[in-house]
Amino acid sequence: MTVARTRPGSSTAPTPTGHPLLGSALDLRRDPLGTFVRAQREYGDVVRMTAGPPGLRAVMYCVFSPEGAQQVLAAQATNFRKDNVFYEEIRQTGGNGLLTSQDDVYLRQRRLIQPLFTKKRVDGYAATITGEAEATAERWRNRPEVDVVREMDRLALRTVSRVLFGADVETAVDVIHANFPVISAYITQRAYSPLRLPRTWPTPANRRAEAATRAVYEVCDRIIAARREEGGDTGEAGDDLLSLLSRASNEEDGSLDATELRDQVLVFLLAGHETTATSLAFALHLLARHPEARARAQEEIDALPSGQPYTAATPDHLPYLTRVLKETMRLYPAAPLVGRRAVEETEIDGHVIPAGADVLVAPWVTHRHPAHWTDPDRFDPDRFTPDQETARHRYAWLPFGGGPRACIGRHFSMLESVLALAVLLREYDIETPDVDIPVTSAVTLQAVGEARVRVKARAHIH
Ligand code: HEM
């Protein structure tokens, strides 16, 4: 199989036959992540997937190898832009914040926001993170079991809001819980669907999504208003995200208007809470399922100096817990699929990617690639010993993406997760049956339903 403009030796990627009329549409709708894993096993590292009837058929080039992911996200990053359907749908709902913006707008935003994510700044968030985790531990007192999905969602939302917005979002938690899933499902459904009705048509799906978006916008506006009240009109009292952005909007070039400010708040609420919440929930679930891993992690935690508050240096003394977290993010990468659109025709792993093609990098699949991970479905934190990490391809583990658009929150998220896990495991023994929790891939990876874990206060308290 070759196409007209191939270079010597390159070929069109194989296409799974799927349904004669609909291609892989039904499989993708039923089980997108499983369908991509099977495509890699059966067809190799670059697979051309089709979905939808002829005439409306969507075509996607899936790139599964670490080498290919590195090409798309880093080495050829200028050729692979966030112009794909998925990002367009996120943009339509969530606006043009740091996750979705491009070119000059993006560079200006990144310059503005970067100072909040320097190592020094992130290290300073340790006390807030620990405080929120201790409040969660306190909530668990006298409860025989908890749903870690819900509990970690709440913890991550509260932490990111306190750190970035200086806001207490207790009252907004329910609004966000009720509405984010609606928005997320709507974006995903549209992105996968070959036929997209205009968003302005008053269909039930459009109406539901619009109401949900309005509710979330109101939360963002409330956060901004509360911060303004506290810090005066310019928000100059603080140096959190909102103060920085408000100040920028008051400077000479009047760079950020009210809508842009709200878009940024929304992006950080979305990107900064569901993701870390998923990592934390699955880390607790896996530790509860694997008593020997839990015991090893607790041994490390118990060896920390007694009575001293955790700081940004604490994770250095918790190498095993850090490995548990990395292994959790391998099995449950919170961003399981990362999309782009090719500007010009190019070649990945020996296969032609045509100009304008929708391209999908899939951490979910790369993290289970049999050439890079032995027995990939097994939970084994020791895959992340320093020796093993060095021996592996840099892009075999890519939960935070890579290249110029890699996650700005990765250090923050890792610090938050390790410290929160340390607090919770210091206080509680956790247990759960050895059964997988089903997941779904919306904008981020989500557990389907609850993940209940039995909690038992530990005899000693530091
Ligand atoms: C487990 C936690 C997290 C995971 C797995 C994750 C994953 C990712 C990935 C894969 C990307 C790249 C997307 C792409 O290339 O298309 C990304 C970008 C981004 N993430 Fe995260 N993220 C996490 C936590 C956070 C946190 C805590 C924040 C903020 C507080 C955050 C904010 C962002 C932003 C703003 C971007 C866009 C960065 C840019 O393009 O410059 N993320 N994240």
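The values are calculated or read from the model by the stated rules, or taken from the named source; none is laboratory data. From a predicted model like this one, the values you see are computed outputs, not experimental measurements. Here the Cβ is made from the backbone with ideal geometry for all residues, glycine too, and neighbour counts use every protein chain on show.
Regarding Val163, is this residue closer than 21 Å to Tyr310 by Cβ and surrounded by 23 or more Cβ atoms within 10 Å (Cβ to Cβ)? Criteria met by Val163. Just name the residue that is farthest from the ligand (Cβ to nearest atom) out of those in segment 101-120 that are of a type in the set (S, T, N, Q) and surrounded by fewer than 21 Cβ atoms within 10 Å (Cβ to Cβ). Out of the qualifying residues, it is Thr118.
Give the residue that is farthest from Glu88 (Cα to Cα), with candidates limited to residues of segment 344-363 that are in contact with a helix residue (DSSP H, G or I) (Cβ under 8 Å, 6 or more places away or on another chain) and assigned to a loop (DSSP other than H, G, I, E, B). Looking at residues that are in contact with a helix residue (DSSP H, G or I) (Cβ under 8 Å, 6 or more places away or on another chain) and assigned to a loop (DSSP other than H, G, I, E, B), I get Asp349. Does Glu344 count as acidic (Asp, Glu), without any contact (Cβ under 8 Å) to a residue 24 or more places away in the chain and over 22 Å from Leu445 (Cα atoms)? Answer is no for this residue. The sole residue among Gly55, Gly18, Gly44 that is at pLDDT 95 or above and at positive phi is Gly44. Ala396 - would you say it is away from the ligand (no atom under 13 Å from the Cβ), of a type in the set (Gly, Ala, Ser) and either modelled with pLDDT of 95 or more or not in a loop (DSSP other than H, G, I, E, B) (or both)? So Ala396 passes the test.
Among residues of segment 8-31 that are in a loop (DSSP other than H, G, I, E, B), those with a Cβ under 9 angstrom from a residue that is surrounded by 14 or more Cβ atoms within 10 Å (Cβ to Cβ) and aromatic (Phe, Trp, Tyr), sequence gap 6+ or separate chain, pair up as Ala13/Tyr43; Ala13/Tyr61; Pro14/Tyr43; Thr15/Tyr43; Pro16/Tyr43. Among the helices (runs of 4 or more DSSP H) confined to segment 201-301, the ones with at least 2 residues that are at pLDDT 95 or above and either away from the ligand (no atom under 16 Å from the Cβ) or under 26 Å from Tyr87 (Cα atoms) (or both) are located at 258-289. Within segment 399-419, restricting attention to residues that are near the ligand (Cβ under 7 Å from one of its atoms) and part of a loop (DSSP other than H, G, I, E, B), which residue is nearest to Gly68 (Cα to Cα)? Checked segment 399-419; the qualifying residue nearest to Gly68 (Cα to Cα) is Gly401. Cβ separations smaller than 6 Å between residues 6+ apart or across chains give the following pairs from segment 393-414 residues that are over 16 Å from Pro336 (Cβ atoms) to residues that are near the ligand (Cβ under 7 Å from one of its atoms) and at pLDDT below 95: Gly409/Gly272.
Determine which single condition Arg341 fails, assuming it passes every other condition in (1) within 18 Å of Val423 (Cα to Cα); (2) assigned to a strand (DSSP E or B). The failed condition is (1).
A quick yes/no check of all residues on (1) surrounded by 22 or more Cβ atoms within 10 Å (Cβ to Cβ); (2) of a type in the set (A, V, I, L, M, F, W, C); (3) over 27 Å from Trp373 (Cα atoms):
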position	(1), (2), (3)
Val47	yes, yes, no
Thr50	no, no, yes
Pro53	no, no, yes
Ala69	yes, yes, no
Ala74	no, yes, no
Thr78	no, no, yes
Lys82	no, no, yes
Arg91	no, no, yes
Leu99	yes, yes, yes
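Return the residue satisfying two criteria in turn: it lies in segment 375-405 and is of a type in the set (A, V, I, L, M, F, W, C) and surrounded by 14 or more Cβ atoms within 10 Å (Cβ to Cβ), and of such residues it is farthest from Ile129 (Cα to Cα).
Applying the filter and picking the extreme gives Ala396.
Picking from residues in segment 420-460 that are of a type outside the set (Gly, Ala, Ser) and in a helix (DSSP H, G or I), the one that is nearest to the ligand (Cβ to nearest atom) is Leu421. If the condition is being in a helix (DSSP H, G or I) and in contact (Cβ under 8 Å) with a residue 60 or more places away in the chain, then segment 364-382 contributes Trp364, Val365, Thr366, Pro381.
Within segment 21-31, the set of residues being loosely packed, with under 15 Cβ neighbours inside 10 Å and at pLDDT below 80 comprises just one member, Leu21. Tell me, yes or no, whether segment 158-180 has at least one residue that is over 29 Å from Leu28 (Cβ atoms), within 16 Å of the ligand (Cβ to nearest atom) and among the charged types (D, E, K, R). Yes; the residues of segment 158-180 include at least one that is over 29 Å from Leu28 (Cβ atoms), within 16 Å of the ligand (Cβ to nearest atom) and among the charged types (D, E, K, R).
For segment 425-440, taking the residues that are surrounded by 19 or more Cβ atoms within 10 Å (Cβ to Cβ) and not basic (Lys, Arg), the one that is farthest from Ala457 (Cα to Cα) is identified as Ile437.
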